[in-house]
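The values are calculated or read from the model by the stated rules, or taken from the named source; none is laboratory data. It should be emphasised that the depicted structure is a prediction, and the values quoted were computed from it without experimental measurement. Every residue, glycine as well, gets a Cβ built from its backbone with ideal geometry; the counts of neighbours run over all protein chains shown.
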Amino acid sequence: MLKSLIACTVLLTTVPIAAQDRLSLICDGAFRGQFKDRGVGGAVVTPEGRVYSGGAASSQYGDVPTTALFELEDGTARLNLPQPPTCSICVGEKGWRDVKDLQVNEDKIEGRIRYGLFSGTKFMIDRRTGIMTGDNGFTGMCRAQDLAERKF
């Protein structure tokens, strides 16, 4: 009896994930940390004809809006998350990337992607709140796409 109860419990905890053939998410959000430089310059000419010039600049953090796309199908996942604008070493193809170290349970989806040889990010999607966060500064709100309906 105890074995069947444990087996039933394990089955129930895996059914919502396994029964779902395909999960497709759109995550609207932003990268945090893009510097916005503001420069001011000027020049002064003295009556003797000498020119003095100067300049100043300031920076501040800001949000850069972006959208991430996530797909999970048959135990594999891929993520289309643009490279953060503050990453100077991010190289590689733009677009979809295979998710490595994928972990899926009832509460969250976790994994990591690579942008190139030396750059990448870990991410987590909270399945209860719909919030996606990435180590690269991305935060977004995810919503499931209804793949049964066609847009056109």
### Summary
Scanning the range 118-148 for residues that are of a type in the set (Val, Ile, Thr), out of contact with any Leu (no Cβ under 8 Å at 6 or more places or on another chain) and within 13 Å of Lys108 (Cα to Cα) gives Thr129, Ile131, Thr133
#### Entry: Index of the failed condition, Lys94 passing every other in (1) within 22 Å of Asp28 (Cβ to Cβ); (2) in contact with a strand residue (DSSP E or B) (Cβ under 8 Å, 6 or more places away or on another chain); (3) at pLDDT below 95
(2)
### Meets criteria (surrounded by 15 or more Cβ atoms within 10 Å (Cβ to Cβ), at pLDDT 90 or above, among the polar types (S, T, N, Q) and out of contact with any Cys (no Cβ under 9 Å at 6 or more places or on another chain)) for Asn80
yes
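Results for (1) surrounded by 14 or more Cβ atoms within 10 Å (Cβ to Cβ); (2) at pLDDT 95 or above; (3) closer than 14 Å to Thr66 by Cβ, shown as yes or no for each residue.
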{"site": "Asp98", "(1), (2), (3)": "no, no, no"}
{"site": "Gly111", "(1), (2), (3)": "yes, yes, no"}
{"site": "Met124", "(1), (2), (3)": "yes, yes, no"}
{"site": "Gly134", "(1), (2), (3)": "yes, no, yes"}
{"site": "Leu147", "(1), (2), (3)": "no, no, no"}
### Task
Within the range 13-53, track down each residue that is modelled with pLDDT of 85 or more, among the charged types (D, E, K, R) and under 28 Å from Thr121 (Cα atoms).
Arg22, Asp28
### Task
Go through the range 115-128 and give me each residue that's without any contact (Cβ under 8 Å) to a residue 24 or more places away in the chain and under 12 Å from the mean Cα position of the chain (by Cα).
Gly120, Lys122, Met124
### Summary
Across (1) at pLDDT below 90; (2) among the aromatic types (Phe, Trp, Tyr); (3) in a strand (DSSP E or B), Phe152 clears everything bar (3)
